[in-house]
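One structure is given here, and the rest of the page talks about it.
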């Protein structure tokens, strides 16, 4: 498991009401670019997005900081199935 | 949830009576009776004429501290662990605030560009700490690293003062780069006692910017839409495509700090933009 995925999981789990429903899928886009798909319980969507996406933005900022250590570009997508 | 790294403290003590044992345990743990839970393992026995006497035994466990304490530190330390950063976390708590200070070698990563990452960490920590708190129990959370915020505060104040002088001198307003609400407040409050200067904000988060301008009363002319503006008429027409008019309306409507609205735009936007790049 990449550590960026782990960072995202830890943050998401700390914010939501149902941590066991948090999942992160890692998609390698090649060329040191990475997409992380975050899934949470429907009722927890607001807890990872926030008003005007403020929480999502903060999550992305921290994950990107983690990624910058490895010179990777990382995109965090919050996915609702 | 996250695993608790600190083991609860627990000791067993024996003494002649349950009370004595308990007292000894509290003394050793350096806590009061309210901080602990205890189980009497053996009530002891007085015996008879020194025969069959048994010590009383109690097992004392220090209750876990308020969840707020661990939640901030726990959250941050698990994030830093996952990031592979070795960072020391110091926490200072009061009734309604949690101040975190970070120490280590990789502070650049933690701070980020203009403190972006630090702000994000602070915001997320605040969410974690206040997760289950009602409005009354809300705690203000700050995350800082080795005086970063103090230094940033100082340089923002200096910047504000320097720009205010410049604006006062040449009469042109100045639009700063986008800043967080906290940093904008620093600019506003630094300049609030400047007689001839007013400040307000334009644009929407996260691109909201502070504008430093000369107060209206010190600008003799200027009436918006005034057909024949007096002296400065050539300046009263905003440059085309300049969003300041819309931005200004917005600022005015959403609690700008200036008491007087600014009626006209005395600077050309492109110049202000260029100055911003410094």
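Taken over the range A:67-78, the residue count meeting the criterion of being part of a helix (DSSP H, G or I) and more than 9 Å from chain B (Cβ to nearest Cβ) is 1.
Give the residue that is surrounded by the most Cβ atoms within 10 Å (Cβ to Cβ), with candidates limited to residues of the range B:45-61 that are at pLDDT 85 or above and either over 51 Å from the mean Cα position of the chain (by Cα) or within 25 Å of residue B:74 (Cβ to Cβ) (or both). Taking the candidates together, the pick is B:60. Checking the range B:18-39 against the condition returns a match, with at least one residue being assigned to a strand (DSSP E or B), at pLDDT 85 or above and closer than 30 Å to residue A:13 by Cβ. The set of residues in the range B:132-171 being within 14 Å of chain A (Cβ to nearest Cβ) and either modelled with pLDDT of 90 or more or within 14 Å of the chain's Cα centre (by Cα) (or both) consists of B:141, B:143, B:145. Of the residues contained in the range B:89-99, none is found to be closer than 22 Å to residue A:67 by Cβ, in contact (Cβ under 8 Å) with a residue 24 or more places away in the chain and assigned by TED's automatic domain parsing to the domain that holds residue B:141. Within the range B:172-181, being away from every other protein chain (no Cβ under 14 Å) and either modelled with pLDDT of 95 or more or surrounded by 15 or more Cβ atoms within 10 Å (Cβ to Cβ) (or both) holds for B:172, B:173, B:174, B:175, B:176, B:179.
Which ones in the range A:3-44 are buried (at least 18 other Cβ atoms within 10 Å of the Cβ) and outside any helix (DSSP H, G or I)? Those that are buried (at least 18 other Cβ atoms within 10 Å of the Cβ) and outside any helix (DSSP H, G or I): A:16, A:22, A:24, A:34, A:36, A:38, A:39, A:40. The set of residues in the range B:83-107 that are crowded, with 17+ Cβ neighbours inside 10 Å and under 13 Å from the mean Cα position of the chain (by Cα) comprises B:98, B:100, B:101.
One residue stands out in the range B:73-82 among those that are closer than 13 Å to residue A:66 by Cβ and at the interface with chain A (Cβ under 8 Å from one of its Cβ atoms): the one that is surrounded by the most Cβ atoms within 10 Å (Cβ to Cβ), namely B:79. When residues in the range A:9-33 are screened for being closer than 15 Å to residue A:62 by Cα and more than 9 Å from chain B (Cβ to nearest Cβ), 1 of them pass. One residue stands out among those in the range B:108-131 that are at pLDDT below 90 and more than 10 Å from chain A (Cβ to nearest Cβ): the one that is surrounded by the most Cβ atoms within 10 Å (Cβ to Cβ), which is B:115. Just one of the listed residues (B:135, B:165, B:183) is out of contact with any strand residue (DSSP E or B) (no Cβ under 8 Å at 6 or more places or on another chain) and in the same structural domain as residue B:87 (by TED's automatic domain parsing), namely B:135.
If you go through the range A:45-66 and pick out every residue that is more than 10 Å from chain B (Cβ to nearest Cβ) and not in a helix (DSSP H, G or I), you end up with 0.
Filtered by the rule that a residue be in contact (Cβ under 8 Å) with a residue 40 or more places away in the chain and over 20 Å from the mean Cα position of the chain (by Cα), the range B:178-199 gives B:192, B:198, B:199.
Consider residue B:190 carefully, then state whether it is modelled with pLDDT of 90 or more, within 14 Å of chain A (Cβ to nearest Cβ) and in a helix (DSSP H, G or I). Judged against the criteria, residue B:190 is not a match.
The values are calculated or read from the model by the stated rules, or taken from the named source; none is laboratory data. Since the model is a prediction, treat every value here as computed from it, not as a measurement. So basically every Cβ, Gly included, is an ideal-geometry build from the backbone, and we count neighbours across all protein chains shown.
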